[in-house]
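K.L.:
Sharing a structure here in structure tokens format.
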Amino acid sequence: MFEFIYNILDFSIDLFIKDIKFENYILTALTGIIIAFAIINGVLGGVLALIWGERRLLGRFQQRTGPNRWGPQGILTSTADAIKVMFKEDIVPEEADKYIFNVAPLLLVIPVFIIFSVIPFGISLYAVDINVSVLFILAVTSISGLSIICAAWASANRIAIFSALRSVAMLISYEIPVGLSLVGILLICESMSVMDIVIYQKIPFILIQPVAAMVFFLGSLAEINRTPFDLTEAESELAAGYQNDYSGMKWGLFYLGEFAAAIAAATVFSTLFLGGPNGPILPGIFWLTVKVIAVLFVIIWIRASWPRFRIDQVLNLAWKGLFELTLVNIIVTSIAVIIWTDGEANRLIYIGLANWIFAFPFVFLIFKMLKTKNYDSDNKKLIRYPVGSETPKFHKEKN
Amino acid sequence: MLGFGLIKGLSVTFRNLFSPVFTIQYPDKRVGVFGLAKSKNKSVLALFKENPKQILIAALGMAKVKVKIEQSPRFRGNEFVWYDDRCTACASCAKYCPLGIIEIVTHASEENLQAGGNYEIDKFDIDTGRCMFCGLCVEACPYDALHMGTDFEKGNYLRSELVLDKETLISQVKNPSSWFRPQFEENEYDPWTSEVSDSKEAGRHEKPNDEKIKQDWVNKRKFNG
Amino acid sequence: MSIKSEPITINLGPQHPSTHGVFRMRVTFDGETIIDVEPIFGYLHRGSEKLAEERTYTQVVTLTDRMDYVSSMLNNQGYILAVEKLSSIQPETRGVWLRMIASELQRIASHLVAVGFLIQDLGAWGTPLTYAMREREKILQMFEMLCGARITNSYLRPGGVFMDAPEQFWNNLTSFIEEFPSAIDELEKLLTSNEIIFSRTKDVAVLTPEQAINASITGPILRSTGVQWDLRKNDPYDFYDKVEFDIPTHNAGDNYSRYLLRVQEMRESLKIVKQCVDFIEPGPVRPHHDEVPFLLRPPKGDCYVAIEGSKGELGFYLVSDGSISPYRWHVRSSSLINLTLLRDMLIGTLFGDLFVTFGGIDINMGEVDR
Amino acid sequence: MYKIMNEWNGKTLGKEINNQIADSVVDSDNDSVFIDSQKIYEVMKFLKETSGFSFDLLSSITAVDYIDHFEVVYHLKSLITLSKATIKTKVGFGRQNQPEIDSVYSLWKGADFQEREAFDLMGIHFNNHPNLKRILLWDGFPGHPLRKDFVTNSQSIIEEENEN
């Protein structure tokens, strides 16, 4: 994509502005700006659509209509909200550390956009191809935790600090299973580049690495603070969590960052596990969009159906459940990779079968974390309090 | 259970994704082409001939249709219906009001004083801004002069405008609710479609003729004696 | 290994999304663990008891509506029973059946709200709540047919109800009786076997029967600890001795059993409504005005009547001095008294359990502060 | 299957109590027993802990202002013997500023909020209550509103607030 746009720019400048000679680096910068502009605006548009789509879908799940006032089917609702947020008063608490208070929302938003730079939107449609882009994604996503703790600390609010500490605890816990869950894929592809992984995915990796896909999905739900791991802004406990004291566009940036993170997580998941832009006939960007929408639908569906975990259960799930699962997954996959080396026919199918048979049963292990024995009301006969066991000494005589 | 409870929950919400909406859009609802045609009782084609722009808006799902919420006939609305010619200014309603928001000022009529005639009403104010619409005043009214109203779209910017005075009560559209007025329910009266402007229809007591009064008096004497 | 930490005190409420009104708690945390809770009341205190001293006996009915505004029919019933006992009024049969139907429907509505908000506090994003509200909506519509209002009913009068039910009410009631079991089934399918709900509510905020009785806790919370105690059975008022139903109990005494018990009680209430519809016969619904005048003047004396409200024993203590208004009106509000053990239940649990326990107790601020 | 609760006759109960604790019953009628306010704790302890009475559930505590004295009313229920009774006490004769009575908090924890409420709204001081402070009204509220001599004039409250 980069070279394509660079060449077009070069050509058009040659064509129209012949007098001025442009240095290469200016052209490079211009190209970068154009690509960044396109991606950021694409994501922003996606965020607006997602906010609308989530509200409509949640409404339908709850047998309501959802927002339908502004524009056809209410699609302009989130745009109207965005405009409103921009014009709202910006309140900074007096006790706040003003510099950090202002920087924190930016810290949340920027890394999310950076992730999209390494995502291939088509087979050859990408901004940059770093050879360690999987590592890059994992590294960049952890910056959001810094932003949350900055925001909470700067706003000098106790509830916000609660939220930030929860967020950090969750981020630290879930970084590990999320990172380890990708090891299986890296073993199979023998590359850390997202491009290579996409090209290697003749069969979507969700079928070959079911356990890794599940762990990655749950982990990314936790990292983007979605139900059932939305403890950071559990509105029934912490009101709005770390963004309690934010208002106006700063709050808007947090909101934007969260929804962009949801899109980013869905994109990364569909790139790594659902084959990304791979698909028949139609262009890759279409298939990627379809897959991202499908993943987002599942995320919203889960939000509509499930309550949230408690903090100790969340951490237990990460350390006692998902972490072990990833280890099992790595062991099974590495043995399978050694047995069926690269180049062998139907290699992916064999590895997948091995994973389904040996690794997937361990999924039920994580439900040991939840007290899932059936609720027993069978000891009903047990008299816990002797109601009416004695007779009073005298009764009121009834006429 | 092993996580199957969670999946069961997902299935419940998924099934409800396709079930009809139970909420009501108010004050207007957005409809598509067919919804618009249905609300106007015309075919889509006729509507298109009439106003193509409207159909275009409806195709985007942006056509507005006014919604009138169907309430029960007993609904205690945000207003009162009062028939001045039924009212004898006995002020029962004012006495029975828990909040004391009905203000009545009367003077004796100069014309029919000898015949025990009516009081003339100078002032009949109901402060609906403080009213809780319990309807005890309506229950207290012995001559069915005061009724609960059914309209509830009575928003105002000023508290003083919420006070219903005598002139407003006389001149307004009269859609009395059948709350504590069983005579309305017998006639299958629906306050949402019809109104009762004639005060004679609103009361349950017909004015008795002389013979009946005499008979009643005799009966009462007999019973007590 | 223990990490040295400092306690942190947070004011939760009166403005908080899930305090069910304007309740305030001053909670001290050690990390995520609760070490102290101090409930603070009074943000919705309207002085109902004082107001009643200046109103006639019928006018006080409107005050009872506004106490526990999600179960106003039950409040009406309790108050009316107290007035009837005080002035020895014999209620009309049809009126009693009608008010039993109304109050059992109200109990269902109240439990639906309780269950819906309990799950809302658990973090389910409104879905079970909307399903519960959908069913409650049907009940409120029936109330509107009965008395023209959905929440502040004022339907009951000394001696019965103020007006007979219209024709449409019976149609709606019949279809409600048919449809409601499947709606509960749906709700239960969504919630009862859900592992997250299970793991979050099981063995949290456990009460023993001795503790609960000692703290005067009544209603579903007491029954969830394993005590078979229901004033509808043990001290029958109205015609509850003529209908058949069970008192569901659970032994665990935790949040989950409180949830499950409410669901079961809804089914029992529906049973009662069904039987009432069978038993009801045509007749007058309230005594004539000559017998029970608007301005009641009960003889001097006092009486205490307790009914099984949706949240526990709902008692009304009335003192009459022979005049048209009560000399003293006291409400034994179960919402307030059920909070007595809040501190003991919460200490040692985590922040996430706080509002779940609170939702499991199911209070209504209108009744707590009166 | 379900047994029905009975109500104690006040006179019978009064005799029973008086046999055990001398001079504790002042008066009794068909509905209730009037107890000497000095011995209320002793009587309550007896009623709660003696089998045959075992009133384990304290339904309600409330207070009534009878102008010349206050009356504290206890409604007791027994789940074990399935019976209920009403106990009354007269306190604060001659309109003392602070009528006093012993708290039953140590017997029933359920008395906690109810005694606080009676203190808050009626101004009855419960001795030995661990946390006797206002519950529904704010600290520093002038007077006790449910007393009959309380002036229900919002203007005067505001003025007094401003003076403070």
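K.L.:
List the aspartates and glutamates whose Cα lies under 13 Å from the Cα of B:LYS123, skipping any in the same chain that are fewer than 8 positions away.
P.N.:
B:ASP84, B:GLU103, B:ASP165, B:GLU167
K.L.:
Report, in debye and to the nearest 20, how large the dipole of segment B:23-69 comes out about its Cα centre when Lys and Arg carry +1 and Asp and Glu carry -1 on their Cβ.
P.N.:
100
K.L.:
If you don't mind, another one. Over chain C, with a Gaussian network built from C-alpha contacts below 10 Å, which listed residue (C:GLU313, C:GLU178, C:GLU92) shows the highest mean-square fluctuation?
P.N.:
Fluctuation is largest for C:GLU178.
K.L.:
Same structure, new question: From Cα pairs below 8 angstrom and at least 6 apart in sequence, can you work out the relative contact order of chain C, rounded to a whole percent?
P.N.:
Relative contact order of chain C: 27 percent.
K.L.:
Once the dipole of the protein assembly as shown is set up with Lys and Arg at +1 and Asp and Glu at -1 on Cβ about the Cα centre, which of A:ILE339, C:VAL22, D:SER24 lies farthest towards its positive end?
P.N.:
Going by the Cα projections, it comes out as A:ILE339.
K.L.:
Taking 1 over the mean of 1/r across every pair of different Cα atoms in segment B:80-202, what Kirkwood radius in Å do you get?
P.N.:
15.1
K.L.:
In addition: Out of segment B:58-162, which GluC sites (Glu not before Pro) are coil in DSSP terms and have no more than 14 other C-beta atoms within 10 Å?
P.N.:
Those that pass, being in a loop and sparsely packed, are B:GLU70, B:GLU110, B:GLU111, B:GLU153.
K.L.:
Related question: Using the structure shown, list the pairs from C:LYS189/D:LYS3; D:LYS15/D:LYS88; D:LYS39/D:LYS84; A:LYS88/B:LYS64; B:LYS42/B:LYS174; C:LYS274/D:LYS84 with a Cα-Cα distance above 23 Å, or answer none.
P.N.:
C:LYS189/D:LYS3; A:LYS88/B:LYS64; B:LYS42/B:LYS174; C:LYS274/D:LYS84
K.L.:
Going toward the positive end of the dipole of the protein assembly as shown, with +1 on Lys and Arg Cβ and -1 on Asp and Glu Cβ, which of D:SER106, B:GLN71, C:MET365 do you reach last?
P.N.:
It is B:GLN71.
K.L.:
How do A:CYS150, B:CYS90 line up, fewest other C-beta atoms within 10 Å first?
P.N.:
In increasing order of surrounding Cβ atoms, one gets B:CYS90, A:CYS150.
K.L.:
Also, quick follow-up: For chain A, what does the convex hull of the Cα positions come to per residue, in cubic angstrom?
P.N.:
Considering the Cα atoms of chain A, their hull volume per residue is 256 Å³.
K.L.:
Ok, one more. Under a point-charge model restricted to the Cβ atoms of Lys and Arg (+1) and Asp and Glu (-1), what is the dipole moment magnitude of chain C relative to its Cα centre, in debye to the nearest 20?
P.N.:
600
K.L.:
Over the alpha-carbon set of the protein assembly as shown, divide Rg by the Kirkwood Rh and report the Rg/Rh ratio to two decimals.
P.N.:
Ratio of gyration radius to Kirkwood radius for the protein assembly as shown: 1.03.
K.L.:
Ranking A:VAL290, B:VAL81 by Cβ neighbours within 10 Å, fewest first, what do you get?
P.N.:
The most exposed by this proxy come first: A:VAL290, B:VAL81.
K.L.:
Related question: Among A:VAL132, A:VAL387, A:VAL183, determine the one that fluctuates most according to a GNM of chain A built with springs between C-alpha atoms less than 10 Å apart.
P.N.:
Sorting by GNM fluctuation, first place goes to A:VAL387.
K.L.:
If you fit an axis through the alpha-carbon atoms of helix C:255-279 and take the longest principal axis of the Cα set of chain C, what angle between them do you get, 0 to 90°, nearest 10?
P.N.:
The two axes meet at around 20 degrees.
K.L.:
Using a simple spin-label model with points 7 Å from Cα along the Cα→Cβ vector, what separation in nm is obtained for B:VAL65 and A:ALA294?
P.N.:
In this crude label model, B:VAL65 to A:ALA294 measures out at 3.6 nm.
K.L.:
Now for a separate question. Tell me, in nm to one decimal, what length is gained between A:VAL132 and A:GLU390 on full extension, where the rule is 0.36 nm per residue of separation less the Cα-Cα distance?
P.N.:
85.0 nm
K.L.:
Let me ask something else. I need A:LEU30, D:LEU57 ordered by Cβ neighbour count within 10 Å, fewest first.
P.N.:
Ranking A:LEU30, D:LEU57 by Cβ neighbours within 10 Å, fewest first, gives A:LEU30, D:LEU57.
K.L.:
A further question on this structure: For the residue pair A:ALA139 and C:GLN15, what label-to-label distance in nm results when each label sits 7 Å from Cα along the Cα-to-beta-carbon direction?
P.N.:
Distance between label points: 4.4 nm.
K.L.:
Mind jotting down the distance between the C-alpha centroids of segment C:5-64 and segment D:10-84, whole Å?
P.N.:
31
K.L.:
With only Lys, Arg, Asp and Glu charged, each at its Cβ (+1 for the first two, -1 for the last two), find how big the charge dipole of segment D:6-155 is about the Cα centre; round to the nearest 20 debye.
P.N.:
180
K.L.:
Another question, if that's okay. Among the complete DSSP H segments of chain A, which ones combine at least 20 Å of alpha-carbon extent along their axis with a mean Kyte-Doolittle hydropathy of 0.0 or more?
P.N.:
Passing helices, by number: A:2-16, A:24-61, A:98-115, A:158-181, A:248-273, A:284-305, A:323-339.
K.L.:
Can you give the angle from 0 to 90° between the axis of helix C:72-86 and the longest principal axis of chain C, with both taken from C-alpha atoms, to the nearest 10?
P.N.:
Around 50 degrees separate the two axes.
K.L.:
Taking every pair of alpha-carbon atoms in segment D:6-155, what share in percent sits in each 5 Å bin, from 0 to the bin with the longest distance?
P.N.:
2, 10, 19, 22, 19, 13, 8, 4, 2, 1, 0
K.L.:
Nearest 10 degrees is fine. How inclined is helix D:40-49 to the longest principal axis of chain D, computing both from alpha carbons?
P.N.:
The angle comes out near 40 degrees.
K.L.:
Rounded to the nearest 500, what is the 222 nm mean residue ellipticity of the protein assembly as shown from helices alone, with -39500 (n - 2.57) per DSSP H run of 4+ residues and division by all residues?
P.N.:
-14500 deg cm²/dmol
K.L.:
A further question on this structure: Would you work out which of A:LEU107, A:PHE121, A:ILE149 lies farthest towards the positive end of the dipole of segment A:47-159, given +1 charges on the beta-carbon of Lys and Arg and -1 on that of Asp and Glu, about the Cα centre?
P.N.:
The Cα lying farthest towards the positive end belongs to A:PHE121.
K.L.:
For the protein assembly as shown, which cysteines have no disulfide-compatible partner, meaning no other cysteine Cβ under 4.7 Å?
P.N.:
Here A:CYS150, A:CYS189, B:CYS87, B:CYS90, B:CYS97, B:CYS131, B:CYS134, B:CYS141, C:CYS147, C:CYS276, C:CYS303 come out as lacking a disulfide-compatible partner, given the Cβ-Cβ threshold of under 4.7 Å.
K.L.:
Determine the percent antiparallel among the DSSP beta bridges restricted to segment D:6-155, to the nearest 5.
P.N.:
70
None of the figures in this text is laboratory data; all of them are computed from the coordinates on show. Please read all numbers here as calculations on a predicted model, not as lab measurements. Note that each Cβ is placed from the backbone with ideal geometry, even for glycine, and that neighbours are counted across all protein chains shown.
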